[in-house]
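The values are calculated or read from the model by the stated rules, or taken from the named source; none is laboratory data. All values derive from a computational prediction rather than experimental measurement. All Cβ positions, glycine included, derive from the backbone under ideal geometry; neighbour counts span all protein chains shown.
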Amino acid sequence: MRLINHTQDNRKGDMAEFYAVTWLWDNGYEVFKNCGCTGPVDLIATKDGETTLIDVKTKSGRSGRTRSDEQVELNVKLLNYNPSTRKLNFVKHKK
C-alpha cells in the first residue's frame, strides 16, 4: 500500500475541489468526484443531459495552465479556483 503525503498543496487542491462541487451544484449540475488522486479528471458533472469532464486548478502566480494531450483528447474542461476570492470560472479553451 502506498501512503500519500498530504502536503499543503494537496490541501489547497482538496479545498478547491470542494468549492468546485458546491459551485457546480449552485449552477444546476449533478457532480461526481474522482475517488482516486490521479488521472486526467477531478470531477464529472452532468446538466441538461450533457456530461462535462472537469479538472480543477487552483490559481497561483503561474499563468498559462494548459490541458495535457490526454485531457484535450477527452475534452476535459479546466475550472480555475481563486483561493483569495473563492471564485471559480471555466477556462475558455482554443480548439
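Observations, loosely collected:
- Residue among 28, 64, 39 that alone is out of contact with any Asp or Glu (no Cβ under 6 Å at 6 or more places or on another chain), modelled with pLDDT of 95 or more, at positive phi and exposed (fewer than 15 other Cβ atoms within 10 Å of the Cβ): 28
For every residue, the table says whether it meets (1) free of Cβ contacts under 8 Å to residues at least 12 places away in the same chain; (2) of a type in the set (Val, Ile, Thr); (3) under 18 Å from residue 14 (Cβ atoms).
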| residue | (1), (2), (3) |
| --- | --- |
| 41 | no, yes, yes |
| 49 | yes, no, no |
| 53 | no, no, no |
| 68 | no, no, no |
| 74 | no, no, no |
| 77 | no, no, no |
| 83 | no, no, yes |
| 86 | no, no, yes |
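- Residues that are in contact with a strand residue (DSSP E or B) (Cβ under 7 Å, 6 or more places away or on another chain) and either at pLDDT 95 or above or not hydroxyl-bearing (Ser, Thr, Tyr) (or both), drawn from region 48-61: 51, 52, 53, 54, 55, 56, 57, 59
Let's see how each residue does on (1) outside any strand (DSSP E or B); (2) farther than 18 Å from residue 92 by Cβ:
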{"position": "35", "(1), (2)": "yes, yes"}
{"position": "38", "(1), (2)": "yes, yes"}
{"position": "41", "(1), (2)": "yes, yes"}
{"position": "46", "(1), (2)": "no, yes"}
{"position": "54", "(1), (2)": "no, no"}
{"position": "60", "(1), (2)": "yes, yes"}
{"position": "71", "(1), (2)": "yes, no"}
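- Cβ-Cβ under 6 Å pairs, at least 6 apart or on other chains, region 15-38 side without any contact (Cβ under 8 Å) to a residue 12 or more places away in the chain and more than 16 Å from residue 83 (Cα to Cα), far side crowded, with 19+ Cβ neighbours inside 10 Å and of a type outside the set (A, V, I, L, M, F, W, C): 34/42
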